[in-house]
Amino acid sequence: MGRIKVLPDNVANKIAAGEVVERPASVAKELLENALDAGATRLRIEVEAGGRRRIQVADNGCGMGRDDAMLAFERHATSKLREVGDLLSIATLGFRGEALPSIASVSRLMLDTRSTDEETGTRVEIAGGKMLTVTESVQQAGTTVTVRDLFYNVPARRKFLRTEKTELAHIASLVTHYSLAHRDKAFHLSYDKGVLLNATPVETMRERVYQIFGSDTLEQLVELGPVTRELELPPQPVPFTQSVARERSGNNVPERYLFQLSGFVSKPQIQKLNRDSIYVFVNRRLIRDRMVLKAISSAYHNLVPPGCFPFALLFLDLPCEEVDVNVHPSKTEVRFRHHSFVHDFVRDSIRERLIAAKPVSAFPVPAEPTFQAAQAATTLPFSEESLRLSEADLPPAESYDLRPPLDPPRRFDFGSAPPIELNAPLPAGNREEFAPQPLSEAVALIEQAVELPPIENELHARAPLADPPPDTLARLGELRPLGQIRDSFIVAAGPDGLWIIDQHVAHERILFEKVLRQRSQGVVESQRLLMPIIVTLKPDQEIKFAQIESEFRANGFDIEPFGQRTVAVKAAPAGLSPQNVETLLHEILDTPEKELRELSLSDLQRRVAATIACHAAIKVNMPLDAAKMHWLLDALGKSDCPMSCPHGRPIALKYGMREILKAFHRI
């Protein structure tokens, strides 16, 4: 007797369920996708005990007739595919026909459905994959699927589920994702203790983001697109006779595919420790694709520190034949036909938008204190409301004096405070440590930066506030420098508030872009050294030097061998002091071998340019006169990415007028 046997259907269904149904959120995902494919505009999700006890998804889609309702629980029964060629252009979220039979095999399932062209509906009850009853029901058009006691007949799977809160969080995250992808539909999610999400249809994605994440998150995002790019491919080669026929018919034209990207990305100062805040949808399908995640990280290269990730909500729309979604049972992984084109398109679109926006980093504003009843009842000679100003009460922006100061800018003296110690910012992300500044000094800076309106006669109407200038770092050149804090941070005033600029990283960003620009043009400035600098290399450094020697020469170095594991540096990039040459070489050559192998040519160029800029930039504890501060702010405003230094740290922080007035309880 043979050893190979065909598995019974109940065993095969449980195996299939293990691929499709991992946890309650997997059930919710399959049911939501079926509802969306059915054309539903209202989706209601109810969850009990984190989904273990009950998951119910109700929709107002097209529904099913009696025969279709029974056939839907057969394996690989689907209305979305007819032939093999359909797999090459899948436009629906579901298509395999595995979801319902897999879920029904590990739960007690009840399906209530009615199609729009029938007067009565159908109810199907199944337990453990066995159909129990099929009856008529009275209900509105649409479908309601109720899944109870998930994994009741597979105890081994049930014990691997997490706590109810964890499972509920996965379901909430899933529903949130799909509500973002379908802003024209209503989503209602409730659980044992109340409502978790109630998103009504909206016109724009900005409104949906406000619904889901709130105004605070929305203010930290930069809207993207929609950005479109066309991919043009030459005609596919065909046999000679067919080629002649194609030319005569006029069909010998290149293929064109239109790609579109839209959504939101965070400002560089928003830095997450993992990728959980990156949401990517391809043709409104939620995916987790390594190539797209890499493209997003590449877009933020040199804008955020290594190991940090942005918030991103991206919608990539492309022809269905350009993406293969039949890669994984959960349908969260895809394969792009032209993956390198998609990678570059996503990376370049995000990078160009950030460069164009030049978003501002704001000071973190503490929450307003809550006044106790006793304090509120204190008798005052005037009403507290009479001292509060609305935004319209402020003087127009043109009234602020932005002219250069007549006197040399102040350097705020902190007495015996020690100088700031700042190590060279390595790619690993060294951090500076400095003592907190006295509050009185901060108040003095604010008083110098802006003149608040007098409090008398505040109830009288004032001139309306002029439209605020765009919140962009491109206006840095318009600021009025007030002075320096400990000869390290520039304090400047503008029509929109108080600014503090880190002079070292500001100059570092300017030099970094200058080095890259000269490198691409082949006109790098170099300086000959009076005496060659002899540098001794370790064995591993000698190997790395041989690998990237050409990159050193392209950046203005003239380095020659000078014996065993020794090199002589005869020239270095302009602006780099001879004292820093040896340190710079060791920093670059100490890059781990594995990391160096994974660096592309562009990344290597940026790594070298960042190191050169760091050592050539002005340092902390360095006094600057008014002319130098003006030049620094103007040059920084003209740079491509004035948001962050090449190592990802913020350059300028703004304390806006609204926050200043709130801090003083004027509004």
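The values are calculated or read from the model by the stated rules, or taken from the named source; none is laboratory data. On a predicted model such as this, the values are computed, not experimentally measured, just so you know. Cβ sites come from the backbone with ideal geometry, for glycine too, and all protein chains shown count toward neighbours.
Just to be sure I understand, how many residues within the range 546-564 are crowded, with 17+ Cβ neighbours inside 10 Å and either under 13 Å from Leu604 (Cα atoms) or not assigned by TED's automatic domain parsing to the domain that holds Thr611 (or both)? Don't jump to the end; show me each part of the working.
Step one: list which residues in the range 546-564 are crowded, with 17+ Cβ neighbours inside 10 Å, which gives 548, 551-552, 555-557, 559.
When the remaining residues are screened for being either under 13 Å from Leu604 (Cα atoms) or not assigned by TED's automatic domain parsing to the domain that holds Thr611 (or both), the result is 548, 551-552, 555.
The total comes to 4.
Condition check ((1) over 32 Å from the mean Cα position of the chain (by Cα); (2) farther than 21 Å from Gly483 by Cβ; (3) at pLDDT 90 or above) across all residues:
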| residue | (1), (2), (3) |
| --- | --- |
| Met622 | yes, no, yes |
| Ala627 | yes, no, yes |
| Trp631 | yes, no, yes |
| Ala635 | no, no, yes |
| Lys638 | no, yes, yes |
| Arg649 | no, yes, no |
| Leu653 | no, no, yes |
| Gly656 | no, no, no |
| His665 | yes, yes, no |
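Based on what the data block shows, is Pro539 buried (at least 21 other Cβ atoms within 10 Å of the Cβ) and either in the same structural domain as Cys641 (by TED's automatic domain parsing) or not hydroxyl-bearing (Ser, Thr, Tyr) (or both)? Don't jump to the end; show me each part of the working.
Working: buried (at least 21 other Cβ atoms within 10 Å of the Cβ): no; either in the same structural domain as Cys641 (by TED's automatic domain parsing) or not hydroxyl-bearing (Ser, Thr, Tyr) (or both): yes.
The answer is no for Pro539.
Out of the range 34-69, which residues are more than 20 Å from Asn198 (Cβ to Cβ) and in contact with a Lys or Arg (Cβ under 6 Å, 6 or more places away or on another chain)? Before you say what the answer is, go through the steps one by one.
Just the residues of the range 34-69 that are more than 20 Å from Asn198 (Cβ to Cβ), to begin with: 34, 37-39, 49, 52-53, 62-69.
Result: Gly63, single match.
Which members of the range 517-574 meet the condition of being of a type in the set (Lys, Arg) and at positive phi? Outline the logic, then answer.
Taking the range 517-574 as the starting set, the residues that turn out to be of a type in the set (Lys, Arg) are 517, 519, 528, 538, 544, 553, 565, 570.
Answer for the range 517-574, where residues must be of a type in the set (Lys, Arg) and at positive phi: just Arg565.
All but one of (1) surrounded by fewer than 18 Cβ atoms within 10 Å (Cβ to Cβ); (2) under 22 Å from the mean Cα position of the chain (by Cα); (3) closer than 22 Å to Val47 by Cα hold for Arg162; state the number of the condition that does not hold.
(2)
In the range 539-558, how many are of a type in the set (D, E, K, R), closer than 29 Å to Gln521 by Cβ, in a helix (DSSP H, G or I) and in contact (Cβ under 8 Å) with a residue 24 or more places away in the chain?
Quick first cut of the range 539-558, residues of a type in the set (D, E, K, R) only: 540, 542, 544, 549, 551, 553, 558.
Among the residues that remain, those that are also closer than 29 Å to Gln521 by Cβ are: 544, 549, 551, 553, 558.
Checking which are in a helix (DSSP H, G or I) leaves us with 544, 549, 551, 553.
Subset that is in contact (Cβ under 8 Å) with a residue 24 or more places away in the chain: 544, 551.
Number of matching residues: 2.
Suppose the filter is in contact with a helix residue (DSSP H, G or I) (Cβ under 8 Å, 6 or more places away or on another chain), surrounded by 10 or more Cβ atoms within 10 Å (Cβ to Cβ) and at pLDDT 90 or above; does Val209 pass it?
On the way: in contact with a helix residue (DSSP H, G or I) (Cβ under 8 Å, 6 or more places away or on another chain): yes; surrounded by 10 or more Cβ atoms within 10 Å (Cβ to Cβ): yes; at pLDDT 90 or above: yes.
So Val209 fits the description; yes.
Could you pull out the residue among Glu83, Glu98 that is among the acidic types (Asp, Glu), assigned by TED's automatic domain parsing to the domain that holds Val20, at pLDDT below 85 and buried (at least 21 other Cβ atoms within 10 Å of the Cβ)? Step through it out loud before you land on a result.
Values: Glu83 fails: buried (at least 21 other Cβ atoms within 10 Å of the Cβ).
From the options Glu83, Glu98, the qualifying one is Glu98.
On the given criteria, is Ala613 farther than 30 Å from Leu661 by Cβ, touching a Phe, Trp or Tyr at 6+ places or on another chain (Cβ under 7 Å) and either of a type in the set (S, T, N, Q) or touching a residue at least 60 places away in the same chain (Cβ under 8 Å) (or both)? Walk me through it before giving the result.
Details: farther than 30 Å from Leu661 by Cβ: yes; touching a Phe, Trp or Tyr at 6+ places or on another chain (Cβ under 7 Å): yes; either of a type in the set (S, T, N, Q) or touching a residue at least 60 places away in the same chain (Cβ under 8 Å) (or both): yes.
Yes; evaluated as a whole, the condition is true for this residue.
Consider the range 284-335. How many of its residues are assigned to a loop (DSSP other than H, G, I, E, B), free of Cβ contacts under 8 Å to residues at least 12 places away in the same chain and over 18 Å from Leu32 (Cβ atoms)?
Residues of the range 284-335 that are assigned to a loop (DSSP other than H, G, I, E, B), as a first pass: 284, 288-289, 300-308, 310-311, 318-319, 325-334.
Filter again for free of Cβ contacts under 8 Å to residues at least 12 places away in the same chain, leaving 327-328.
Next cut, over 18 Å from Leu32 (Cβ atoms) only: 327.
Going through the range 284-335 one residue at a time, the tally reaches 1.
Looking at the range 35-81, which of the residues that are in a strand (DSSP E or B) and acidic (Asp, Glu) is farthest from Lys165 (Cα to Cα)? Before the answer, list the steps.
Narrowing the range 35-81 to residues in a strand (DSSP E or B): 42-48, 54-59.
Now narrow it down to the ones that are acidic (Asp, Glu): 46, 48, 59.
Working: Glu46: 15, Glu48: 11, Asp59: 25 Å.
Within the range 35-81, the match that is farthest from Lys165 (Cα to Cα) is Asp59.
Only one of (1) among the β-branched types (Val, Ile, Thr); (2) more than 22 Å from Thr217 (Cα to Cα); (3) buried (at least 20 other Cβ atoms within 10 Å of the Cβ) is not met by Thr332, so which one is it?
(3)
Does Val304 satisfy the criteria of being over 12 Å from the mean Cα position of the chain (by Cα) and among the aliphatic types (A, V, I, L, M)? Please lay out each step first, then the result.
Values: over 12 Å from the mean Cα position of the chain (by Cα): no; among the aliphatic types (A, V, I, L, M): yes.
The answer is no for Val304.
If you go through the range 631-667, how many residues are surrounded by fewer than 19 Cβ atoms within 10 Å (Cβ to Cβ), among the charged types (D, E, K, R) and either free of Cβ contacts under 8 Å to residues at least 12 places away in the same chain or under 26 Å from Leu604 (Cα atoms) (or both)?
2
Do you know which residues across the range 511-526 are over 36 Å from the mean Cα position of the chain (by Cα) and surrounded by 14 or more Cβ atoms within 10 Å (Cβ to Cβ)? I'd like the intermediate steps shown before the answer.
In the first step, residues of the range 511-526 are kept if they are over 36 Å from the mean Cα position of the chain (by Cα); the result is 525-526.
Once the filter is applied, which keeps residues that are over 36 Å from the mean Cα position of the chain (by Cα) and surrounded by 14 or more Cβ atoms within 10 Å (Cβ to Cβ), the range 511-526 yields only Ser526.
How about the range 104-135: which of its residues are outside any strand (DSSP E or B) and more than 14 Å from Val147 (Cα to Cα)?
At the first step, the residues of the range 104-135 found to be outside any strand (DSSP E or B) are 104-107, 115-120, 128-129.
Scanning the range 104-135 gives Ser115, Thr116, Asp117, Glu118, Glu119, Thr120.
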